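*Asks:* Please see the structure below; I have some questions.
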Amino acid sequence: MGSFSFKELASAFIVLFAIIDVTGSLPIFVDLKDKHRSFSPIKASFFSFIILLAFFFVGEGILRLFNLDESSFAVAGSLVIFVIACEMTFGWELFKMDNPSGSATIVPVIFPLLAGPGAFTTLLSLKAEFSSPVIIVALTLNMVIVFFVLQNIYWVEKLIGKGGIYVLRKFFGIILLAISVKLFIGNITSLL
C-alpha cells in the first residue's frame with residue numbers, strides 16, 4: 001500500500017468512475033441542457049475536484065472528531081456504496097431534481113451528482129485499500145473525463161447511445177456491488 005501501483009490505480013479509477021457515474025448521469029445532463037438550465041463544464045469539474053480533494057484530506061480529521069477509525073468508516077461506506085450500486089443495477093431513483101434556480105452548476109451537477117455522499121464515502125473507504133497518491137491520481141483522471149463528458153454532452157450521448165449508457169450503468173452497478181462486499185468483508189474482520 002506504500003508504493004505507487006498501476007494495478008491499484010486502475011482499481012481506484014474504476015471504483016471512482018463507477019461511483020461518480022458521469023456517463024450514467026448523462027441523461028440528466030442532457031435534460032438540463034434541453035430545459036435551458038445552464039451549467040459550466042469547467043466550473044463543475046474543477047469545483048467537484050476541489051471539494052472531493054478537500055474531503056479526502058479533512059475527512060480523517062472529521063472521523064477523529066467523532067472518535068471513528070478508517071475501518072469503521074469503510075464498513076459504513078461499503079453499505080452506502082452497496083445502496084448506490086443497487087440503485088444503478090435495479091434502476092431505483094433516490095435523487096429527485098427540484099432546484100428552482102436557472103443555473104444547475106452547483107445543484108444538482110456538482111452536488112449531489114458529481115461530488116455527492118457516495119463519492120465522499122468512497123474516497124475515505126478507498127484509503128483503507130490504496131495509497132493516497134494512487135487515489136489522488138485516480139480522482140484527477142476521473143475529473144478530466146467528467147470535464148470531457150460535460151463539455152461534449154450531445155456527442156458522448158450519440159457515441160454511446162441510450163442503450164450503451166444503460167449497459168454501462170448496469171455493468172458498473174454490479175462492479176460496485178462486488179467492491180462494496182469486498183470492502184465490507186475486508187474491514188469488518190478487523191473490527192471484530
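The values are calculated or read from the model by the stated rules, or taken from the named source; none is laboratory data. Keep in mind the model is a prediction, meaning the values are calculated, not measured. Using ideal geometry, Cβ is built from the backbone for each residue, glycine included, and neighbour counts are taken over all protein chains shown. With ligands, DNA and RNA removed, areas are computed over all heavy atoms of the protein, side chains included. Shrake-Rupley method; radii C 1.70, N 1.55, O 1.52, S 1.80 Å.
*Asks:* So how far apart, in nm, are the two label points at Ile50 and Ala10 if each is 7 Å from Cα heading toward Cβ?
*Replies:* 3.5 nm
*Asks:* Let me ask something additional. Rounded, prolate or oblate for the chain? Axes are the square roots of the Cα gyration tensor eigenvalues, ordered a ≥ b ≥ c, and the cut-off for rounded is a/c under 1.5.
*Replies:* Prolate, since a/c reaches 1.5 and a/b exceeds b/c.
*Asks:* Ok, one more. Give the longest segment of the chain that steers clear of trypsin sites (Lys or Arg not before Pro) in DSSP loops with at most 11 neighbouring Cβ atoms within 10 Å, not counting the sites themselves.
*Replies:* Between the exposed loop sites, the longest stretch runs 97-192.
*Asks:* While we're on this one: Give me the percent of accessible area attributable to carbon and sulfur for the chain, probe 1.4 angstrom.
*Replies:* For the chain, the apolar C and S fraction of the accessible surface comes to 71 percent.
*Asks:* Still on this structure, please answer the following. Could you give the accessible area per residue of the chain, probe 1.4 Å, as a whole number in Å²?
*Replies:* That works out to 51 Å² per residue.
*Asks:* So what's the net charge close to Ser132: Lys and Arg +1, Asp and Glu -1, counting the other residues with Cβ under 13 Å from its Cβ? Please list the in-between numbers first.
*Replies:* On the way: positive: Lys127; negative: Glu8, Glu60, Glu70, Glu129.
Once all neighbours under 13 Å are counted, the net charge is -3.
*Asks:* I need to check one value: relative contact order of segment 2-137, counting alpha carbon pairs closer than 8 Å and at least 6 residues apart, in percent.
*Replies:* 49 percent
*Asks:* So how tilted is helix 70-90 from the main axis of the chain? Cα-based, degrees 0 to 90, rounded to 10.
*Replies:* 30 degrees
*Asks:* A further question on this structure: Give the lysines whose C-alpha is closer than 19 Å to that of Lys127, dropping any in the same chain fewer than 8 places away, or say none.
*Replies:* Lys7, Lys182
*Asks:* On a 0 to 90 degree scale, rounded to 10, what angle separates helix 153-191 from the longest Cα axis of the chain?
*Replies:* In the chain, helix 153-191 runs at an angle near 20 degrees to the longest axis.
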